[in-house]
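Notes follow once the structure below has been shown.
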Amino acid sequence: IRKIGVMTSGGDSPGMNAAIRSVVRTCAFHKLECIGIYRGYQGLIEGDFKPMDARSVNNIIHKGGTILKSARSKEFRTKEGRDIAFAKAKQQGLDALVVIGGDGSFTGAMIFSEENDFPVMGIPGTIDNDIYGTSSTLGYDTALNTVVDAIDKIRDTASSHNRLFFVEVMGRDVGNIALNAGVGAGAEEILIPEENLGRDRLLESLKRSRASGKSSSIVVVAEGVETGENVFALKDYVEQNLPEYEVRVSVLGHMQRGGSPTCWDRVLASRMGVKAVESLMDGNYNNMVGIQDTKIVLCPLEKAVKGKTAIDKELIRVSDIMTT
Ligand code: ATP
């Protein structure tokens, strides 16, 4: 391996820049060439490349987003598109590819690698923490802190007006952000797609909490694209059944994907980038870098893509106890 391409693909997340920086600097350290590929697979197809040396990644460790930009590429989903991408990679003299992204990006990388016998390495970058083979993805910790910070602010206004707030957070079809940020922010109830509490239990819980003397409450609702509750429908339901409540909805939205990465995400990105490049140098191709029990590990890309992550049941129990 002499020349490595690095790209960010799919949804962006805080810490991606720190990971790019790490890949670039690790290449420089080992005297490998590093090529930045703009706009993910679409940039690979279009040959949107830029050589990157150690100094080209100055002053980005603290920045959210990705200096290489990210994109979703329809063309890369087709064999013709991937053939062009492979031709461009060869033309550029790339020996391997580091893809920073989510499971869709890894699926693409795997197919590309199988079709062309081309070494790839994944670094998990998504705020959702929904990737098998790593206990934490880049951007997850930052997103949790962003959500906790937002809920703290909402709590101030909720308690001034004795209101009930439903705060919708991201996470697609997993409830990791909702559960962890909910516990961290001291939410009254946390609704996640993995556990259907049922609306009636929510009503019971809200009644109980008011009877126990609480005058305002925060309920965290996971967006749950497929399985979750619609937060506005939930508001209507609660207002119909508990007319004494004044309910407000706050959908946090894309602010959760931005912002300066936390120290945890920066350190994780730095460690993952080193592992990605050095694993490619060692011939450990087609893996994803992950973290397990504080150790940086490799997980075969196929497992990372197909494996299912599980919600932390013990944390659900902790959350139940905390809302007593
Ligand atoms: P996020 O988790 O933030 O959405 P992601 O990596 O899962 O990130 P996707 O949009 O699913 O985001 O995938 C990114 C890109 O990877 C797609 O635009 C496409 O180019 C490529 N890709 C995804 N799935 C496939 C596939 N089955 N075959 C080929 N390419 C794919």
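Values quoted throughout were computed directly from the atomic coordinates according to the rules given, and no laboratory measurement underlies them. Remember, it's a predicted structure, so these values are computed and weren't measured experimentally. With ideal geometry, Cβ positions are generated from the backbone for all residues, glycine too; neighbour counts draw on all protein chains shown.
Brief remarks on what is shown
- Antiparallel bridges, percent of DSSP beta bridges restricted to the chain (to nearest 5): 25
- Lacking any other cysteine beta-carbon closer than 4.7 Å, the following Cys residues of the chain have no compatible partner: C263, C299.
- Taking Cα atoms only, the orientation of helix 313-322 departs from the longest principal axis of the chain by about 30 degrees.
- Net charge of neighbours whose Cβ lies under 13 Å from the Cβ of A19, counting Lys and Arg as +1 and Asp and Glu as -1: +4
- Over the chain, DSSP H runs of length four or greater, each weighted -39,500 (n - 2.57), average out per residue to a 222 nm ellipticity of -13500 deg cm²/dmol.
- For the chain, taking the reciprocal of the average inverse distance between every pair of different Cα atoms yields a Kirkwood hydrodynamic radius of 20.6 Å.
- The simple spin-label model puts a point 7 Å past each Cα toward its Cβ; for E246 and D149 those points are separated by 2.9 nm.
- Whole-Hz ³J(HN,Hα) from phi, Karplus 6.51 cos²θ - 1.76 cosθ + 1.60, for region 61-74, glycine and proline x: 4, 9, 9, x, x, 8, 5, 7, 6, 10, 7, 10, 10, 5
- Separation of alpha-carbon centers, region 122-184 and region 33-110, rounded to whole Å: 28
- Each Lys or Arg adds one and each Asp or Glu subtracts one; over the other residues with Cβ under 13 Å from the Cβ of K313, this totals -4.
- Remark on region 65-147: Rg and Dmax equal 14.3, 44 Å (Cα only).
- Convex hull (Cα only) mean projected area of region 193-322, reported in nm² to one decimal: 11.0
- Residue list for region 10-36, given a label point 7 angstrom along the Cα-to-Cβ vector of H254 and an amide N cut-off under 13 Å: 11-13
- Helix axis angle, 231-241 relative to the chain longest principal axis, alpha carbon, degrees: 10
- Within the shell of other residues whose beta carbon sits under 12 angstrom from the beta carbon of D53, the net charge comes to +4, with Lys and Arg scored +1 and Asp and Glu -1.
- In degrees, nearest ten, helix 16-29 long axis to first principal axis of the chain (Cα): 30
- Across region 248-259, coupling constants 3J(HN,Hα) worked out from phi with the 6.51/-1.76/1.60 Karplus curve, θ = phi - 60°, read 10, 10, 10, 9, 5, x, 6, 4, 5, 8, x, x Hz, and Gly and Pro carry x.
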